[in-house]
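Have a look at the structure below before the remarks.
Each reported figure results from applying straightforward, stated rules to the coordinates on display, with no laboratory input. Here the structure is a predicted model, which is why all the values come from computation and not from measurement. Cβ placement follows ideal geometry from the backbone for every residue including glycine, while neighbour counts extend to all protein chains displayed.
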Ligand SMILES: [Zn+2]
């Protein structure tokens, strides 16, 4: 499956959705953003990315940042596969971007069990300079097997450092 992109515009905001696989064969959309202040990019449906896809993605993002420096790129429903790229690849998101929501990874050391939950920044979770902070009890997660509170994965700490440097 290839990258599936769709766009719609409402006033100054463009809704953009990416889904499927991001590879060297992916065609990224050529956006027309005159008068657009924000692009809401929903990447929740991205299931796979390889090194060729990372190259195409970073090129597209660099172009976005250069052509539309005053347009905010707001990433929604960031899946773990993209969070891992964001942490390790410089320039994976432009400076004029933010993370609106992301899938957090939870872990139960007793049961060696993982789970995921979508966290909304500013509602469920706050990126603080010293400590990532869950601010809503809904953001906590109990292990499905032993019912103990699960630990949030280290990944979130890396994500916090990245966003702290960005904004
Ligand atoms: Zn457990």
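With the contact rule set at Cα under 8 Å and sequence spacing of 6 or more, what percent relative contact order holds for the chain? The partial results should precede the final answer.
On the way: 321 pairs, mean separation 26.4, N = 167.
Across the chain, relative contact order equals 16 percent.
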Task: Calculated FRET value between residue 154 and residue 70, using beta carbons and R₀ = 30 Å, to 0.05 - done: 0.30
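What share of Cα pairs, in percent, lie more than 17 angstrom apart in segment 1-99?
Working: 2245 of 4851 pairs.
When all Cα pairs of segment 1-99 are counted, 46 percent exceed 17 Å.
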Open item on the list: Let me check I have the definition right: for the chain, take the eigenvalues of the Cα gyration tensor, multiply each by 5, take square roots. What are those semi-axes in whole Å, largest first?
Closed with: 29, 18, 14
Open item on the list: Per 0.36 nm of contour for each residue apart, how much would the distance between residue 98 and residue 142 grow if the chain were fully extended, relative to their Cα-Cα spacing?
Closed with: 13.0 nm
Task: Globularity ratio of segment 60-117, using Cα Rg and 2.2 N^0.38 Å - done: 1.42
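Among DSSP beta bridges lying fully in the chain, give the percent that are antiparallel, nearest 5.
Numbers: 21 of 40 bridges.
Taking every DSSP beta bridge within the chain, about 50 percent pair in antiparallel fashion.
Rounded to the nearest 500, what is the chain's calculated 222 nm mean residue ellipticity when only DSSP H runs of at least 4 contribute -39500 (n - 2.57) each, over all residues? It would help to have the intermediate numbers written out before the result.
Details: 3 runs with 38 residues, N = 167.
When only DSSP H runs of four or more count, the value is -7000 deg cm²/dmol.
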